[in-house]
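First up is the structure itself, then whatever we jot down about it.
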Amino acid sequence: MALLRITSPHTQRAGRRTAWVMQMVILATIPGIVVQTWLFGWGTLINVMIACITALLCEAAILSLRRRAVAFFLKDYSALLTAVLLGVALPPIVPWWVTVTAVAFAIIFAKQIYGGLGNNPFNPAMVGYAIVLVSFPVPMSQWLGVQSLVSAQDTLTFTQSLQAIFQFLPVVESHALIDAYTMATPLDGFKTKDLLTAEEAFNTVPALHAANLNSWLWVNLAYLVGGLGLLWLRIITWHTPVALLGALLVMSGFFYGVDSANAASPFFHLTTGAAMFGAFFIATDPVSSCTSNRGKLIYGAGIGILIYIIRAWGGYPDGVAFAVLLMNFAAPLIDYYSQPRTYGHQKAKTGLKIGEDN
Amino acid sequence: MTEYLLILVSTILVNNFVLVQFLGLCPFMGVSGKLETSIGMAMATTFVLTLSSLCSYLTYNFILQPFGLEYLQTISFILVIAVVVQFTEMVVRKTSPLLYRVLGIFLPLITTNCAVLGVALQNISKQNGFVESILYGFGAAVGFSFVLVLFSAMRERINVADVPVVFKGSAIGMITAGLMALAFMGFTALVQI
């Protein structure tokens with residue numbers, strides 16, 4: 001198979017080094033991190049710090065094992081970006097060893113074993129997230145609730161966050177602390193509504209209370225702002241996020257229209273969970289996604305459809321990580337069949353051809 | 001109608017034979033080097049699997065069961081599968097010499113694809129009916145083809161990656177297959193069968 005050759009999007013303008021692109025993406029997550037810290041306490045920041053340290057250590061260890069220039073590759077900020085994306089994706093008071101496992105797996109197995117940045121077929125952050133989600137489901141499902149809805153009187157202090165993450169407290173106290181502050185995410189609440197209709201669920205399930213929904217709306221808006229910044233800087237193109245959100249909108253709109261008693265509205269799907277974060281920060285990874293613009297549209301739409309399928313009928317409340325991994329898996333084939341027309345040729349090379357190269 | 005659709009979704013995605021049940025890994029690793037070869041192998045396997053699940057159903061229900069010979073099921077299924085593969089080989093040779101040349105040694109090797117025997121045995125243990133058996137075999141084959149083709153496209157990309165020497169070849173292929181199996185865990189509990 002002839003691989004699709006396209007000038008790397010990073011090198012289109014002078015002065016746009018890999019490190020600059022990575023720094024800009026990290027900066028674009030700041031609105032989201034601020035909102036998450038505001039709503040859910042210091043846990044997110046502590047997670048990001050743990051993740052960054054682990055990522056740099058793992059990257060340096062593997063680079064030195066492979067006898068590569070350690071400082072040169074550490075300075076491209078790609079390991080830090082993976083760490084930041086994972087740190088904000090994990091629940092705020094997840095124990096430290098979950099974060100360390102996720103980041104170490106992401107850097108070592110999803111990235112460095114394939115040869116480092118530019119060679120990884122799967123998005124490292126989502127590999128790390130998926131591996132801890134299937135391995136440690138209990139700590140991974142403990143999201144913090146908004147202040148007005150949980151039983152605790154005051155917000156989680158910095159010390160309490162540290163205690164919860166590093167598990168300084170005896171088990172009983174630690175459980176009491178966690179129980180006082182955690183509640184299900186809206187997607188989790190909607191998934192476990194069982195026999196309730198959608199309207200009953202929104203009125204009775206605490207996780208679907210308007211205050212909790214609003215907090216997730218703010219998180220998603222913050223990532224939308226960061227993502228628009230990346231679009232404005234032309235670090236990402238519009239194709240993947242628009243296709244992803246569009247497909248999610250169409251899927252949820254269709255099933256809401258068919259069965260509005262049991263399905264959640266498109267607005268709910270677009271403003272809860274990792275919809276915006278996934279659309280602008282995860283799916284747009286230039287390495288593991290498709291290369292051509294047509295390919296990006298197919299890739300994004302595939303993720304959107306899979307997110308809805310997993311959210312509505314699957315076993316996990318949110319499907320962004322799995323949907324992205326599944327489409328990463330399909331990306332090389334999509335690239336192969338969505339090659340743009342070569343200048344001077346009549347038609348693009350598409351379609352199924354057996355034994356052509358033999 | 002719905003149950004037939006559920007059988008297909010279950011066998012293609014949720015209980016994918018390669019990535020969830022880990023059957024048929026030999027052709028999965030062996031034929032995934034080139035995209036064109038894998039597409040040919042996928043089509044041949046689909047044909048063989050569907051036909052052999054039909055034949056093994058008939059063998060079990062009309063020969064083995066009436067004579068109380070259920071204990072011979074494994075060996076008779078192996079025989080049935082070998083016959084079906086030989087038949088496919090003859091058909092492919094006549095109809096598409098090019099495909100026959102591309103598939104080469106892999107066509108006879110379908111005989112040893114454990115997914116083919118696995119489908120026949122699972123059809124018995126799940127007590128699938130006539131139509132269910134055929135659909136189960138067809139769905140298993142489509143799921144196998146689906147991941148085989150995607151995997152071969154991905155392997156062509158990995159072949160040009162800067163993989164550490166000790167992991168080159170099958171080792172990185174196995175790790176990739178593991179990560180793909182991780183991705184397929186997203187389909188858990190999509191349908192219960």
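The values are calculated or read from the model by the stated rules, or taken from the named source; none is laboratory data. Model, not experiment: these values are computed from the prediction. For neighbour counting, all protein chains shown are included, and Cβ atoms are generated from backbone atoms with ideal geometry for every residue, glycine included.
If I filter segment B:171-193 down to residues being surrounded by fewer than 20 Cβ atoms within 10 Å (Cβ to Cβ) and of a type in the set (Val, Ile, Thr), which single residue comes out as farthest from the other protein chains (Cβ to nearest Cβ)?
Here the residue is B:Ile193.
Sort out which residues of segment B:138-170 are more than 9 Å from chain A (Cβ to nearest Cβ) and more than 27 Å from B:Leu51 (Cα to Cα), and write them in order of number. Before you say what the answer is, go through the steps one by one.
First, the residues of segment B:138-170 that are more than 9 Å from chain A (Cβ to nearest Cβ): B:138-146, B:148, B:159, B:165-166, B:168-170.
Scanning segment B:138-170 gives B:Asn159, B:Val165, B:Val166, B:Lys168, B:Gly169, B:Ser170.
Looking for something at pLDDT below 90 and in a loop (DSSP other than H, G, I, E, B) - is there at least one such residue anywhere in segment A:252-260?
yes
Could you list, in sequence order, all residues of segment B:14-56 that are in a loop (DSSP other than H, G, I, E, B), closer than 15 Å to B:Val142 by Cα and within 14 Å of another protein chain (Cβ to nearest Cβ)?
Those that are in a loop (DSSP other than H, G, I, E, B), closer than 15 Å to B:Val142 by Cα and within 14 Å of another protein chain (Cβ to nearest Cβ): B:Asn15, B:Asn16, B:Val18, B:Leu19, B:Val20.
From (1) away from every other protein chain (no Cβ under 14 Å); (2) in contact (Cβ under 8 Å) with a residue 60 or more places away in the chain; (3) loosely packed, with under 13 Cβ neighbours inside 10 Å, pick out the condition that doesn't hold for B:Gly68.
Condition (2) is where B:Gly68 drops out.
Of the numbered conditions (1) of a type outside the set (A, V, I, L, M, F, W, C); (2) assigned by TED's automatic domain parsing to the domain that holds A:Ile33; (3) closer than 23 Å to A:Val324 by Cβ, A:Thr272 fails exactly one; give the number of that condition.
Result: A:Thr272 fails condition (2) only.
Just to be sure, is A:Thr82 modelled with pLDDT under 90 and among the polar types (S, T, N, Q)? So that I can check it myself, show each step before the final result.
Working: modelled with pLDDT under 90: no; among the polar types (S, T, N, Q): yes.
Judged against the criteria, A:Thr82 is not a match.
Just a yes or no: is a residue in segment A:287-300 within 24 Å of A:Pro186 (Cβ to Cβ) and not assigned by TED's automatic domain parsing to the domain that holds A:Gly115?
Here is the first cut: in segment A:287-300, the ones within 24 Å of A:Pro186 (Cβ to Cβ) are A:300.
Right, trim to not assigned by TED's automatic domain parsing to the domain that holds A:Gly115 and you get A:300.
Within segment A:287-300, one or more residues are within 24 Å of A:Pro186 (Cβ to Cβ) and not assigned by TED's automatic domain parsing to the domain that holds A:Gly115.
Taking B:Gln73 and the conditions (1) under 11 Å from B:Ser56 (Cα atoms); (2) within 15 Å of the chain's Cα centre (by Cα); (3) not hydroxyl-bearing (Ser, Thr, Tyr), which numbered condition does it fall short on, given that it satisfies the others?
(2)
Any residue at all in segment A:264-274 that's part of a loop (DSSP other than H, G, I, E, B) and surrounded by fewer than 21 Cβ atoms within 10 Å (Cβ to Cβ)? Break it down into steps so the answer makes sense when it comes.
Initial filter on segment A:264-274 (part of a loop (DSSP other than H, G, I, E, B)): A:264-265, A:272-274.
Going one step further and asking which of them are surrounded by fewer than 21 Cβ atoms within 10 Å (Cβ to Cβ), we end up with A:265.
Yes, there is a match, as at least one residue in segment A:264-274 is part of a loop (DSSP other than H, G, I, E, B) and surrounded by fewer than 21 Cβ atoms within 10 Å (Cβ to Cβ).
Matching residues to (1) part of a helix (DSSP H, G or I); (2) of a type in the set (Val, Ile, Thr); (3) touching a helix residue (DSSP H, G or I) at 6+ places or on another chain (Cβ under 8 Å); (4) modelled with pLDDT under 90:
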site: A:Ala201; (1), (2), (3), (4): yes, no, yes, yes
site: A:Val242; (1), (2), (3), (4): yes, yes, yes, no
site: A:Ala247; (1), (2), (3), (4): yes, no, yes, no
site: A:Asn262; (1), (2), (3), (4): no, no, yes, yes
site: A:Pro286; (1), (2), (3), (4): no, no, yes, yes
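Of all residues in segment B:105-148, which are surrounded by fewer than 21 Cβ atoms within 10 Å (Cβ to Cβ), closer than 22 Å to B:Gln86 by Cα, in contact (Cβ under 8 Å) with a residue 60 or more places away in the chain and not aliphatic (A, V, I, L, M)?
B:Phe106, B:Thr112, B:Cys114, B:Gly118
Could you say whether any residue in segment B:83-90 is hydroxyl-bearing (Ser, Thr, Tyr) and either free of Cβ contacts under 8 Å to residues at least 24 places away in the same chain or at the interface with chain A (Cβ under 9 Å from one of its Cβ atoms) (or both)? Talk me through it step by step, then tell me what you get.
Taking segment B:83-90 and keeping what is hydroxyl-bearing (Ser, Thr, Tyr), we get B:88.
Pick out the ones that are also either free of Cβ contacts under 8 Å to residues at least 24 places away in the same chain or at the interface with chain A (Cβ under 9 Å from one of its Cβ atoms) (or both) and you get none.
Scanning segment B:83-90 turns up no residue that is hydroxyl-bearing (Ser, Thr, Tyr) and either free of Cβ contacts under 8 Å to residues at least 24 places away in the same chain or at the interface with chain A (Cβ under 9 Å from one of its Cβ atoms) (or both).
Report, by residue number, each residue of segment A:184-197 that is outside any loop (DSSP other than H, G, I, E, B) and within 9 Å of A:Leu208 (Cβ to Cβ).
Answer for segment A:184-197, where residues must be outside any loop (DSSP other than H, G, I, E, B) and within 9 Å of A:Leu208 (Cβ to Cβ): A:Pro186, A:Gly189, A:Phe190.
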